[in-house]
1. Can you say whether residue 90 is loosely packed, with under 15 Cβ neighbours inside 10 Å, part of a helix (DSSP H, G or I), assigned by TED's automatic domain parsing to the domain that holds residue 55 and touching a Leu at 6+ places or on another chain (Cβ under 8 Å), as far as the supplied structure shows?
2. Mind checking which residues of the stretch 98-107 are surrounded by 10 or more Cβ atoms within 10 Å (Cβ to Cβ) and part of a loop (DSSP other than H, G, I, E, B)?
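The values are calculated or read from the model by the stated rules, or taken from the named source; none is laboratory data. Keep in mind the model is a prediction, meaning the values are calculated, not measured. Glycine also receives a Cβ, built like all others from the backbone with ideal geometry; neighbour counts cover every protein chain displayed.
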Amino acid sequence: MGEKLVEKTGMCKFCGQTKFMKVAEEMTDEELNDQVSFECRCEAGKIWRAGVEDEKRIKGMIEESKGISFALLNNDFPKVEELVNELVPKMVELDLKKIDIGISAQTKIKIRRSDSSIKIYRADNLTEGGEARK
């Protein structure tokens, strides 16, 4: 059986506009106000919503980059794969644009980040790469 819905009034935390909503009974007032703020058409609400949506896309891009590092590194360099998976979120957090890793004279890993993508390349006797996008 589904969760019980109740009618509650929430308030936008930016402009104070209220909205009457049917929500899950266990939703807290803070969660309700966040939901109202997320849906509000005020300028600050739009900006906040854009930031929340951008964070979701960034998380998806980071997760997708793990698949790329797995495909490029797991068979030959699983420890380097782990390192790349740790570095990518740090690149986003610290706003770093590139990291180069030299595994040997022949094998190099390049990670490139822009505002909308993360590219991971493996260069050795066969150059391969992939791109994760927002």
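1. Considered against the rule, which asks whether it is loosely packed, with under 15 Cβ neighbours inside 10 Å, part of a helix (DSSP H, G or I), assigned by TED's automatic domain parsing to the domain that holds residue 55 and touching a Leu at 6+ places or on another chain (Cβ under 8 Å), residue 90 comes out as yes.
2. The answer is 103, 107.
Quick grid of which residues meet (1) in contact with a Pro (Cβ under 9 Å, 6 or more places away or on another chain); (2) of a type in the set (A, V, I, L, M, F, W, C); (3) part of a loop (DSSP other than H, G, I, E, B):
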residue: 8; (1), (2), (3): no, no, no
residue: 26; (1), (2), (3): no, no, yes
residue: 35; (1), (2), (3): no, no, no
residue: 47; (1), (2), (3): no, yes, no
residue: 62; (1), (2), (3): yes, yes, no
residue: 66; (1), (2), (3): no, no, no
residue: 69; (1), (2), (3): no, no, no
residue: 81; (1), (2), (3): no, no, no
